[in-house]
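Peer 1: This is the structure I have questions about; it appears just below.
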Amino acid sequence: MAIINHAEKIINFKIVYYGPGVAGKTANLQYIHRSLPQANKGNMVSLATGDDRTIFFDFLPVSALTVRGFDTRFQLYTVPGQVHYNMTRRLVLRGVDALVFVADSQWERVKDNVESFRNLEENLREYGLTLDDVPYVLQYNKRDLPHVAPIEYLEFLLNRRPRRVPFFEAVAVEGKGVFDTLNTISRMALAQEFGDGKGAA
């Protein structure tokens, strides 16, 4: 549920990028941060280990549009991909309004993608939620690398639930698919909060 500050006329949406380690979650946020005008972004906080994997989260408040007289801000987070940081993953999910699941397209990471997706479902259940309750999209990242699984196979593994969701092919380090993903999930979060998302300007 979005946090609404009536005094300041601001609505805050929390969007969490989830997925296995080094799939490209942080790369998405880094590209977004580099690309946005200074007036439309806050500071990016990144806590990483020596091997440059996010331990805690990236947080990037992105100012966007006005909806029914309220300024909207999208707060973007990533979760750590490593299994032993599961408690942190769960904490970052608290109060989530929308999700981006970032999958690594390489054949050798297929199992990691499936396990991370199941872990997402398990952690949502801790808050009494399922993926039917939260808007989400899939991003198949690293499409530029050799030995990637076909999109059809990734879709079979990750997107064959009763409710199929939008998916995007991406090369996050180059920005390909990054804003398509962000724009779509932002619109879905607005639609969830306001019914049809109308009133945006």
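The values are calculated or read from the model by the stated rules, or taken from the named source; none is laboratory data. All figures in this text were calculated on a predicted structure; none of them were measured in a lab. With ideal geometry, Cβ positions are generated from the backbone for all residues, glycine too; neighbour counts draw on all protein chains shown. Remember, those area values only see protein heavy atoms, side chains included, never the ligands or the DNA or RNA. Shrake-Rupley method; radii C 1.70, N 1.55, O 1.52, S 1.80 Å.
Peer 1: What angle, in degrees between 0 and 90 and rounded to the nearest 10, separates the Cα long axis of helix 178-194 from the longest principal axis of the Cα atoms of the chain?
Peer 2: Result, in degrees: 50.
Peer 1: Looking at region 87-188, which trypsin sites (Lys or Arg not before Pro) are DSSP coil and have at most 12 other C-beta atoms within 10 Å of their C-beta?
Peer 2: Sites meeting the loop and neighbour criteria: ARG94, ARG160, ARG163, ARG164.
Peer 1: Under 21 Å from the Cα of LYS9, which lysines turn up, not counting those fewer than eight places away in the same chain?
Peer 2: LYS41, LYS198
Peer 1: Can you compute the charge dipole magnitude of region 109-201 about its Cα centre, using +1 on each Lys and Arg Cβ and -1 on each Asp and Glu Cβ, nothing else charged? Give it in debye, rounded to the nearest 20. Don't jump to the answer; show the numbers that get you there.
Peer 2: Working: 13 positive and 15 negative charges, 34 e Å.
Magnitude of the dipole: close to 160 debye.
Peer 1: Something else now. Quick check of the Kirkwood formula: for region 109-165, what is the inverse mean of 1/r over all pairs of different Cα atoms, in Å?
Peer 2: Working: mean 1/r = 0.0795 Å⁻¹.
Taking the inverse mean of 1/r over all distinct Cα pairs, region 109-165 comes out at 12.6 Å.
Peer 1: May I ask for the angle, rounded to the nearest 10°, between helix 110-125 and the longest principal axis of the chain, with both axes built from Cα atoms and the value confined to 0 to 90°?
Peer 2: Roughly 40 degrees, rounded to the nearest 10.
Peer 1: Using a 1.4 Å probe on the protein chains only, how many percent of the accessible area of the chain belongs to carbon and sulfur?
Peer 2: That fraction is 53 percent.
Peer 1: If we count GluC sites (Glu not before Pro) as exposed when they sit in a DSSP loop and have at most 13 other beta carbons within 10 Å, what is the longest stretch of the chain that avoids them all?
Peer 2: On the way: sites that count: GLU8, GLU126.
Looking at the chain, 9-125 is the longest stretch - no exposed GluC sites (Glu not before Pro) with at most 13 other Cβ atoms within 10 Å.
Peer 1: So if I place +1 on the C-beta of Lys and Arg and -1 on the C-beta of Asp and Glu, and nothing else carries charge, what would the dipole magnitude of region 37-158 be about its Cα centre? I want it in debye, nearest 20.
Peer 2: 340 debye
Peer 1: At 1.4 Å probe radius, can you tell me the per residue accessible area of region 3-142 in Å²? Numbers along the way, then the final one.
Peer 2: Numbers: 6220 Å² over 140 residues.
Ligands and nucleic acids excluded, the result is 44 Å² per residue.
Peer 1: Right, next: What would the Debye formula give as log10 I(q)/I(0) at q = 0.10 Å⁻¹ for the alpha-carbon point model of the chain, no solvent?
Peer 2: -0.39
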